[in-house]
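Please read the structure below before turning to the comments.
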Amino acid sequence: MQDFRNLKGWQKSHQLVLEVYQATRGYPKEELFSLTQQTRRSAMSIPTNIAEGCGRGSDVDLKRFLWIASGSAKELDYQLILARDLGFLDDATYVGLGKTLDEVKRMLTGLIGSIRESS
């Protein structure tokens, strides 16, 4: 399998994780073990699943892990909406994270579509 570090989708999703960690530093302390932790886990799950899928032995496995990463991206999308609506994220930060997340989701869709089905 290929080295996940060479995939632009992994690189962009890793950058997203770093941005999410930075943004969630400002969340209230009482959210540390709830929204803060869950948002970080969702973000981290995206590049983690890309990396794990690349380490598997087949395109079928890679595609399955890319779908899991895609689900984590959608989960993160909601968590960012919630954080904005609760006042934990300002509009500029929310929009910036949303743009990066949308790019990651498009890249995941492209990667999934590029993998041939094995029979």
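Here are the numbers:
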{"quantity": "The chain - Rg and Dmax from Cα coordinates, angstrom", "calculated": "14.8, 50"}
{"quantity": "Helix-derived mean residue ellipticity, 222 nm - over the chain, DSSP H n ≥ 4, -39500 (n - 2.57), to 500", "calculated": "-25000 deg cm²/dmol"}
{"quantity": "Cα-projected label distance for Asp85 with Arg5, points at 7 Å along beta-carbon direction, nm", "calculated": "4.1 nm"}
{"quantity": "Reachable lysines, given that their alpha-carbon falls under 26 Å from the alpha-carbon of Lys105 and they are not under 8 places away in the same chain", "calculated": "Lys8, Lys12, Lys63, Lys74"}
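Every number here is computed from the coordinates shown, using simple stated rules; none is lab data. Since the structure is predicted, the reported quantities are computational estimates derived from the model, not experimental observations. A quick note on method: Cβ atoms are made from the backbone with ideal geometry, for glycine too, and the neighbour counts reach across all protein chains shown.
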